[in-house]
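Peer 1: Just dropping this structure here.
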Amino acid sequence: MKEQKTTKVPPRERILAAAEELFYREGIRGVGVEAIAARAETTKMALYRHFESKDALVTEWLRLEAAREEAVLERLATEHPGDPRAQLLGWAKYIAERLSGKSDRGCPFLNSVAELPDRNHPGRQVIEAHKSAYTRRVGALCAQAGIPEPEAAASEFIFVIDGAQMCAQSMGKENAGERLLCIVRRLLEEAPRPAAPRR
């Protein structure tokens, strides 16, 4: 019987996977390129062939994280077409499930922004662009749901989501997801629904 050849993951993908794991677990400043190269089973020289600097690697990692979150929001839009409240609740459920994971260290963007104080840093710009797009999307869903003052409602929703992720890290994860969902459900239930059109 012939042995099947295993296809080795290309170096760039291994480097990104290692960076994702280490940056998320240990923080951007706490991880050097040597550690990333070792985790990716490659060399520092090979890393710099694919990424001109650590900042470039950080930026690409954050771009991938943003794309993942956007994909979840797109999936929720597909699963709940024409139901913005279900999409908002679905996002809260996604975050709540993530909070229950043993390896969860909260929101990668909230964690990283504290380590990237320079607003001209390309990684910081990725975070700000993603958060702006996310805020607009939540605001649009609130407007579609007929919630009064949708921008204020969106800010409140995001405040609760971000706060839950921060509190889970500083105060413990026990029941964090359940508490988050309880608050979001209450926000959505208390928000007036648009009046049905008269016949």
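Peer 1: Please state which one of 105, 98, 68 is out of contact with any Lys or Arg (no Cβ under 9 Å at 6 or more places or on another chain), within 24 Å of residue 21 (Cα to Cα) and at pLDDT below 95.
Peer 2: Details: 105 fails: out of contact with any Lys or Arg (no Cβ under 9 Å at 6 or more places or on another chain); 68 fails: at pLDDT below 95.
The match here is 98.
Quick grid of which residues meet (1) among the aromatic types (Phe, Trp, Tyr); (2) open to solvent by less than 20 Å² (accessible area, probe 1.4 Å); (3) in contact with a strand residue (DSSP E or B) (Cβ under 8 Å, 6 or more places away or on another chain):
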| residue | (1), (2), (3) |
| --- | --- |
| 145 | no, yes, no |
| 157 | yes, yes, no |
| 160 | no, no, no |
| 168 | no, yes, no |
| 171 | no, no, no |
| 178 | no, no, no |
| 186 | no, no, no |
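Peer 1: Could you pull out the residue among 114, 133, 66 that is surrounded by fewer than 17 Cβ atoms within 10 Å (Cβ to Cβ), of a type in the set (Gly, Ala, Ser), closer than 20 Å to residue 26 by Cα and within 18 Å of the chain's Cα centre (by Cα)?
Peer 2: 114
Peer 1: Suppose we filter 50, 80 for residues that are more than 19 Å from residue 27 (Cβ to Cβ), in contact with a helix residue (DSSP H, G or I) (Cβ under 6 Å, 6 or more places away or on another chain) and touching a residue at least 24 places away in the same chain (Cβ under 8 Å); which single one remains?
Peer 2: On the way: 80 fails: touching a residue at least 24 places away in the same chain (Cβ under 8 Å).
One residue alone meets the criteria, 50.
Peer 1: Additional query: Is it true that residue 90 is more than 18 Å from residue 158 (Cβ to Cβ), assigned to a helix (DSSP H, G or I), open to solvent by less than 40 Å² (accessible area, probe 1.4 Å) and in contact (Cβ under 8 Å) with a residue 12 or more places away in the chain? Let's see the steps before the verdict.
Peer 2: Numbers: more than 18 Å from residue 158 (Cβ to Cβ): no; assigned to a helix (DSSP H, G or I): yes; open to solvent by less than 40 Å² (accessible area, probe 1.4 Å): yes; in contact (Cβ under 8 Å) with a residue 12 or more places away in the chain: yes.
In short, no.
Peer 1: Find the residue count for the stretch 74-85, including only residues that are charged (D, E, K, R), assigned to a helix (DSSP H, G or I) and more than 17 Å from the chain's Cα centre (by Cα).
Peer 2: The initial filter retains those residues of the stretch 74-85 that are charged (D, E, K, R), namely 74-75, 79, 83, 85.
From what is left, the residues that are assigned to a helix (DSSP H, G or I) are 74-75, 79, 85.
Narrowing the set further to residues that are more than 17 Å from the chain's Cα centre (by Cα) leaves 79, 85.
Residues meeting the conditions: 2.
Peer 1: If the Cβ limit is 8 Å and pairs must be 6+ apart or interchain, which residue in the stretch 93-104 that is farther than 20 Å from residue 76 by Cα pairs with which residue that is part of a helix (DSSP H, G or I) and open to solvent by 90 Å² or more (accessible area, probe 1.4 Å)?
Peer 2: Every condition considered, the pairs that remain are 103/25.
Peer 1: On the given criteria, is residue 140 part of a helix (DSSP H, G or I) and surrounded by fewer than 16 Cβ atoms within 10 Å (Cβ to Cβ)?
Peer 2: yes
The values are calculated or read from the model by the stated rules, or taken from the named source; none is laboratory data. In this text, all values refer to a predicted model and were calculated from it rather than measured experimentally. A quick note on method: Cβ atoms are made from the backbone with ideal geometry, for glycine too, and the neighbour counts reach across all protein chains shown. Protein only, heavy atoms only, side chains kept; ligands, DNA and RNA dropped before computing areas. Shrake-Rupley method; radii C 1.70, N 1.55, O 1.52, S 1.80 Å.
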